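Since the structure comes first, as structure tokens, the remarks are kept for the end.
The values are calculated or read from the model by the stated rules, or taken from the named source; none is laboratory data. Because the structure is predicted, anything quoted here is derived from the model rather than measured. With ideal geometry, Cβ positions are generated from the backbone for all residues, glycine too; neighbour counts draw on all protein chains shown.
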Amino acid sequence: MSVGIVSYGTYIPKYRIKVEDIAKVWGDNADILSAGLMVNEKSVPDLDEDTVTIAVEAARAAICRSSLDPSRIGAIYTGSESHPYAVKPTSTIVAEAVEATPEMTAADFEFACKAGSAGMQACMGLVQSGMADLGLAIGSDVSQGAPGDALEYTAAAGGAAYIIGNKEEEMVAIIEDTYSFTTDTPDFWRREGMPYPEHGGRFTGEPGYFKHVLGAARGLMNKLGTSAEDYDYAVFHQPNGKFPSRVAKMLGFSKEKIAPGLVVTRLGNTYSGSCLMGIAATLDQAKPGDRIFATAFGSGAGADAFSFRVTDKIDKIRDKAPKVEELLANPVYMDYAMYAKHKGKIKRS
Amino acid sequence: MRDVAIIGSYTTKFGEMWERSFRDIVVEAGVGALEDAGVGGESIDSMFVGNMSGGQFVEQEHIGALIADYSGLAAGLHVPSTRVEAACASGGLAFRQGIQSVASGYNDIVVAAGVEKMTDVSSVGASSALAAAADREWEGMMGATFPGLYAMIARMHMQQYGTTSEQLAQVAVKNHKNGTNNPIAQYRNNITVDKVLNSIMVADPLHIFDCSPITDGAAALVLAPAEEAHKYTDTPIYVKGSGQASDTIALHDRRDITTLDASVYAAKRAYEMAGIGPDDIDVAEVHDCFTIAEICAIEDLGFVKKGQGGRFVEDGNTAIGGKIPVNTSGGLKACGHPVGATGIKQAAEIVNQLRGEAGKRQVEGAEIGLAHNVGGSGATALVHILGRER
Amino acid sequence: MSVARFWRQQVQRYNLVGNHCRNCDEYYYPPRTTCPFCRRNGEMEEHKFSGKGELVTYTIIHSAAEGFEHQTPYVLGIVKLEEGPRLTSQIIAQPEDVNIGMKVRSVFRKLGESGDKGMLHYGTKFTPA
């Protein structure tokens, strides 16, 4: 009756912009910002990259890592808040690009930053019920922050893909359980047709992130009868470095346990890819038997908590695709003008 | 199969002709050629017109009929008129089609013309229309432009043979010099190697001065059976050889990226038909859509060994007075390149040379000339060899 | 680029699917239905290429093709796939880092779009391996 991660893949564009180069433009204090956000730089997509290309690269990495036959994939769900089409799914383009078509189901998910984890839960259901042999859940974003807004310092680009299955010989991390905490909370949103999101400022903190992450995390630990000591690693949604660090502390996780998964300092917030990227970075170094606790959060609002137990199968596949550290290495820096051009922030006609 | 002669020839002014329409320029060319031949419209058995892209430049297809109509040959005389298309080789192909129709005995007096009106659209529109000569699906979609394709040929030529940017520039300099003596040329100014090398880069290593311009223009020839040519003119020019060849449309599919096999085969076929070789050619008009194209052309046509083209130009061998004067008209670079018209204009320039009517561009004692016209990055090539003697 | 025309070749573009002639053992990409050597004697089957190749020649385009204006200067190159055929592609690299003979690998990127309201076109480009 178990279900788990059979493979995973990630993709991070190679360009970066430093917080100080954004601060320069708007007259903000870069040092205070960096320290406050615990973010130094964020990733920027290339001119020909978007949520779709990132999702494809992450998905291909996952398939390559495990050498799985893609025709076994029975469902593909891509979660994003920057799907390039408002109507026409990213997931079908991914499906064609990974050769999973046509015997499968697909749909796109949106739930701010937890659209990817929601996709994972859907795949878990399909696999456990026998409706699908394997499910592919992807969180991918090229998120936008309004010029001069706080979010501009952290809204980044990247994606992570997870293949969910239930064959014992294939699972590299068993998903022991998942628990979600969901309410209607308008902490952050973007209206149809608007280029940039709106957010509730400080409202996004306690009533948003903390209430739901704690709700889901505590809910899962109650259900499983576990606590922070039972886990070797923890990963939380990373809109900046401060929130996950604080919530980890509140739940009793040490700094060391969250360190491998805390990629936001060098990457920024990849929204639907955020928590999933942290989980991947953790899996990149976790050993068989390690237990990983993760909670993704999406504004609107909800949190999905997961308890993973790494199996010995991880050693077989871990090195077969680029690790998150490799994708973070050798970044190419750009200034604000190039960044604005890349992000379509310059009005051209 | 009988021999064919050119009994009349006319080329309009080439350039940006804001006041003149597509119909205006092609009618001027046709009328001019007929007057040169001393032939009336009622004598024309058939017309072949080369035009690459009336549809994209002036939103007009059915060009054959249109031109017959506006030349006054449709309503009363109902002259058969055929539009021929092979991208930038449309003119050369129209010439060949005309030749074949006379040689075969199907027709006696035939007009072979070429026309392109490129300035009624923006430069972006013109580049986009020209890109249709490449492989739209697998070159165009990838961001390829014509300068880009020829630039890739240039870079490889430089890598393999040591050809330099200076040698490429010298092609442009020579052609501009020739253009100063051509009354119909678009550009009649001299330029220097420095000017070329310091001009804006279009597709590395090709600068703007390595590229032929966007041009309006038309040209026409009147063809007749050789044995009757003397009835019309004291200076018939005979078609000694005609060759045509195709090659892969995409540059990446070529056997050798720096060799236009279509040019090689078209030339071989023309030389064979004429019973001569490259050393017998006194003057040549070759397809210099980009400076590198002229270098490849003189190699592909056999005037110089493969890879030595740059050096050959550098040593002055292709200047007037040199071993084999190339592009006395100014070439596509200085004379201009109204795509569909170029192939006919090239033949018309050879006619001028062989008649001794090339003024300050005259190659002394020219007896045999060659015209070389290419489509796209080399997917079609036409080579014609003309002579003063039958 | 019309919707149907792009859709028809989607898989070939996304996944580098071309052809192999069983008769003469030649490989073809971009795809074609008729083997240029064997013509009617050819036996063409689908073949998915590895995406590994070598840069044969390239240029740096400053005056862009329509739709590519905001990407200049961009590198355009001819890549020889390890299986044999050559194709034309943008090369994702800084112009100064590109040289003839360099090894490249395929990546999934956006090729373009039909204006603000039209279809998005995705496909394969190449980057230094």
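Details
- The set of residues from the stretch B:185-244 being assigned to a strand (DSSP E or B), surrounded by fewer than 21 Cβ atoms within 10 Å (Cβ to Cβ) and basic (K, R) is empty.
- Selection count, the stretch A:187-229, where residues are over 22 Å from A:I258 (Cβ atoms) and in a helix (DSSP H, G or I): 4
- Single match in A:I17, A:I5, A:I22 (criterion: assigned to a helix (DSSP H, G or I) and either out of contact with any strand residue (DSSP E or B) (no Cβ under 8 Å at 6 or more places or on another chain) or modelled with pLDDT of 95 or more (or both)): A:I22
- A:S91 more than 10 Å from chain C (Cβ to nearest Cβ) and within 25 Å of A:E326 (Cβ to Cβ): no
- Here B:E299 does not qualify as surrounded by fewer than 24 Cβ atoms within 10 Å (Cβ to Cβ), of a type in the set (D, E), touching a residue at least 40 places away in the same chain (Cβ under 8 Å) and not assigned by TED's automatic domain parsing to the domain that holds B:E28.
- Subset of the stretch B:363-390 [within 19 Å of B:I281 (Cα to Cα), touching a residue at least 24 places away in the same chain (Cβ under 8 Å) and assigned to a loop (DSSP other than H, G, I, E, B)]: B:V363, B:G365, B:A366, B:E367, B:R388, B:E389, B:R390
- When the stretch B:109-122 is limited to residues that are more than 14 Å from B:S53 (Cα to Cα) and within 18 Å of the chain's Cα centre (by Cα), the one that is farthest from the other protein chains (Cβ to nearest Cβ) turns out to be B:V111.
- Filter result (part of a strand (DSSP E or B) and either in contact with a Lys or Arg (Cβ under 7 Å, 6 or more places away or on another chain) or of a type outside the set (D, E, K, R) (or both)) within the stretch A:117-148: A:L134, A:G135, A:L136, A:A137, A:I138, A:G139, A:S140, A:V142
- Any hit, the stretch B:271-286, residues being free of Cβ contacts under 8 Å to residues at least 40 places away in the same chain, buried (at least 17 other Cβ atoms within 10 Å of the Cβ) and part of a helix (DSSP H, G or I): no
- Options A:D108, A:D149: the member that is farther than 26 Å from A:T311 by Cα and modelled with pLDDT under 95: A:D149
- Against the conditions (1) touching a helix residue (DSSP H, G or I) at 6+ places or on another chain (Cβ under 7 Å); (2) at the interface with another protein chain (Cβ under 8 Å from one of its Cβ atoms); (3) in contact (Cβ under 8 Å) with a residue 24 or more places away in the chain, B:G148 satisfies every one except (1).
- The stretch B:24-69, residues that are buried (at least 20 other Cβ atoms within 10 Å of the Cβ), more than 29 Å from B:A133 (Cβ to Cβ) and among the small types (G, A, S): B:A37
- Evaluation of A:Y77 against the conditions (1) surrounded by 24 or more Cβ atoms within 10 Å (Cβ to Cβ); (2) more than 30 Å from A:G130 (Cβ to Cβ) shows that the sole unmet condition is (2).
- Qualifying residue in the stretch A:83-91 (condition: within 28 Å of B:M141 (Cα to Cα), in contact with a His (Cβ under 7 Å, 6 or more places away or on another chain) and at pLDDT 95 or above): yes
- Residues located in the stretch B:123-150, provided they are in a helix (DSSP H, G or I) and under 20 Å from the mean Cα position of the chain (by Cα): B:A126, B:S127, B:A129, B:L130, B:A131, B:F146, B:P147, B:L149, B:Y150
- Of all residues in the stretch A:300-319, exactly one satisfies the criterion of being among the acidic types (D, E) and assigned to a strand (DSSP E or B), namely A:D304.
- Considering the stretch B:160-184, and only residues there that are within 14 Å of another protein chain (Cβ to nearest Cβ) and part of a loop (DSSP other than H, G, I, E, B), the residue that is farthest from B:A358 (Cα to Cα) turns out to be B:G162.
- Whichever residue in the stretch B:123-139 is polar (S, T, N, Q) and surrounded by 15 or more Cβ atoms within 10 Å (Cβ to Cβ) and, among such residues, is nearest to the other protein chains (Cβ to nearest Cβ): B:S128
- Residues that are of a type in the set (A, V, I, L, M, F, W, C), in the same structural domain as A:R190 (by TED's automatic domain parsing) and not in a helix (DSSP H, G or I) occur at least once in the stretch A:249-260.
- In the stretch B:1-109, counting only strands (runs of 3 or more DSSP E) that sit wholly within it, the ones holding 2 or more residues that are in contact (Cβ under 8 Å) with a residue 40 or more places away in the chain span B:4-11, B:46-50.
- Counting only strands (runs of 3 or more DSSP E) that sit wholly inside the stretch C:33-112, those with at least 2 residues that are under 18 Å from B:M156 (Cα atoms) and more than 7 Å from chain B (Cβ to nearest Cβ) are C:52-61, C:74-81.
- Residue in the stretch B:115-128 that is assigned by TED's automatic domain parsing to the domain that holds B:G378 and in contact with a His (Cβ under 9 Å, 6 or more places away or on another chain) present: no
- Subset of the stretch A:128-148 (residues that are out of contact with any Pro (no Cβ under 6 Å at 6 or more places or on another chain) and hydrophobic (A, V, I, L, M, F, W, C)): A:M131, A:A132, A:L134, A:L136, A:A137, A:I138, A:A146
- Selected residue (criterion: farthest from B:V27 (Cα to Cα)) from residues of the stretch B:173-195 that are among the hydrophobic types (A, V, I, L, M, F, W, C) and free of Cβ contacts under 8 Å to residues at least 60 places away in the same chain: B:V193
- Conditions (1) within 29 Å of A:Y8 (Cβ to Cβ); (2) surrounded by fewer than 24 Cβ atoms within 10 Å (Cβ to Cβ); number of the one not met by A:P195: (1)
- Hits in the stretch A:203-259 (condition: polar (S, T, N, Q) and touching an Asp or Glu at 6+ places or on another chain (Cβ under 7 Å)): A:T204
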